[in-house]
Amino acid sequence: PELPAQSHYALARQQLVRTTTADTTMAALKTSFLLLAVIAAIVESFQPSSLSRPSRQYRSSASSMSASALATTNNNRRNPPQLVEFVEPTTNTKVLLIGTMHYNPTSIKQVEDTIDDLAQRGVLGSVVVESCEVRWNTTMEILNTPRGQLLKPVLTSEMKAASDRAVSYNRPVVLGDQLINVTGSSLSAAFKQTLADLSSPLNGGWGRFYNDVKEAVDVALPTGPGYLTPRSFFDPRLLIAAPVSFAKYPLSFLARNPISTAAVLSIMFALTTLDTGSAFADATLQEQVLSIVESLAFAGLEFALLGRVMIQVLLAERNVVLARNILHQCEIYSTSRDSGGDDKGPWSKLLDALSPSSTMFNTEKGLDRIVGKDDTFYLPRSITAASSIDQQGSVGSNDNGEDKIVVAVLGMAHCNGIQKLLREQLV
C-alpha cells in the first residue's frame, strides 16, 4: 500500500538528518586525522636519528640584544602585499620579510625576483631562510642521490630558491629556524600539557590553557597597520598556483619518508570508505543525540589540542628563534657600519677564528654540534656575514649610499609575529 504523504516526509527528513550527521562526523574525523598526520609527518620525516650526524660548518652565538620600536621605511616603490620592509631602529639596519606560501611557484618567483633586484642594486645583505640545519641536510642528502634528481621538482621550494640566489651573489645564507628535534620535543610537551590542563578544570588547568593560548595568539598573530593583511594571503596570484602547493607539500613528505607517509595516506583513504550512515540510521533517537554530542566533544578536544600546538609551538616558539637570528644579522651589519670598516672589530676577529677555513676546524668530521637557543647556522656553501663585510672593506652601502638589507624568507604565518617581536623588544 502507498504510504501517506506525512510518512514520505518523515522518511525523507530522517534520511537527510542521517546523511548530514554521518557526513559531519566523518569530516571531523578526517580533518583531525589529517592535521595530526601532518604534524607527525613533519616530526618523523626529519628525526635526526634517521640521519648521519650532520657536520658542523659554522656556529656563532647570537646576541640577545633587544630591538626598540620599528619605523616603517618610506619606499617609493609599491611592494607586493607579501613583502614587509622596515628599519630595525636599534641597529638602524633595514629588514625585508618575504612572506611565502610554501612550494608555491608564485612565491618562488617572487623570492628570486626580489633577491635579484636587491643584489643588482648592491644592497643585498644576509638572507635568513625558514629552515634548520637538520632539515636542510636531509633534503640535500636526498637531492644528491639518483632518486633525488628525479624528485628535484618536488623538493624545490622557495627556501632553496632563496639560498641558491644568495649564494650566486656570494651573500651569507642563515638557516634561521629552530632545530626540528627541538620542535618535536616541544610538540610532545604541548600535547601532554594540554591533556593535563583540560582534565583538571578545578585545579586551574582550564585557566592555564586559556592564558597560554591567548598569550601565544597575541604574540604570534598580531594585526594592525604595518602587518600582513588577508589580501596578502588571498592574493589571486598565489591562489591560482595554490593547487601546485597542495600537491607538492604532501609529495615532499612522501619523498623524504615514503613508508610512513604512504601509511598515513592509506589510513586516510580507508577512512573515506567508511560508511557510518547505516549504523546511525538504525540507532535510537537517544543514541543519535549521544553520537552528535560525542562528535562535538571530539571536535572541541581536537580544536584545543591542535590550536595550542599550532599557535604556541609551530608559530610562537619558532618565531622567537627566527627573530633572534634576524636581529643577530642586523647587529653584525650595524657593528661593522659603525666601525667604518677601517679595522676588524671584535665580531670579525671572533667570527674569523670560528670560520670553516680556520685551523680550529681542521678535522675530517668537524666539531660536534653544540645546540643552544641563540645559535646561528650559516649555509655551508655561503660565506658568513663577517666575511662578506671584510671582503668589501665595510658593510657599506652601494654607489647611491643605500645600506645593506637583511632579507628573511618565511611562511606568511610567521611574518606578523616576527615583526611584533622585534617591534616590542620581545627578543
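Here are a few things to note about the model shown:
- Each of Trp206, Trp136 has its accessible area taken with a 1.4 Å probe; listed largest first, they run Trp206, Trp136.
- Close amide H partners of Gly411, meaning residues 5 or more places away or on another chain with modelled amide H under 5 Å apart, are Thr100.
- Taking all protein chains together, Thr91, Thr229 sort by accessible area into Thr229, Thr91, largest first [probe 1.4 Å].
- Asn211 sits among other residues whose Cβ lies under 11 Å from its own Cβ, and their net charge, with Lys and Arg +1 and Asp and Glu -1, is -2.
- Cβ-derived FRET efficiency at R0 41 Å, Val289 paired with Gln425, nearest 0.05: 0.20
- Solvent-accessible surface (1.4 angstrom probe) belonging to Phe233, in square angstrom, nearest 10: 70
- Tyr227, Tyr333, reordered so the largest accessible area comes first (probe 1.4 Å): Tyr227, Tyr333
- Measuring spread by the Cα atoms of the stretch 87-131 yields a radius of gyration and Dmax of 11.9, 35 Å.
- Kirkwood's formula applied to the C-alpha pairs of the stretch 74-192 gives a hydrodynamic radius of 16.1 angstrom.
The values are calculated or read from the model by the stated rules, or taken from the named source; none is laboratory data. If you're wondering where the values come from, they're calculated on a predicted model, not measured in any experiment. Because the Cβ atoms are built from the backbone with ideal geometry, glycine has one as well, and the counts that use them run over all protein chains shown. For accessibility, only protein heavy atoms count, side chains too; no ligands or nucleic acids. Shrake-Rupley method; radii C 1.70, N 1.55, O 1.52, S 1.80 Å.
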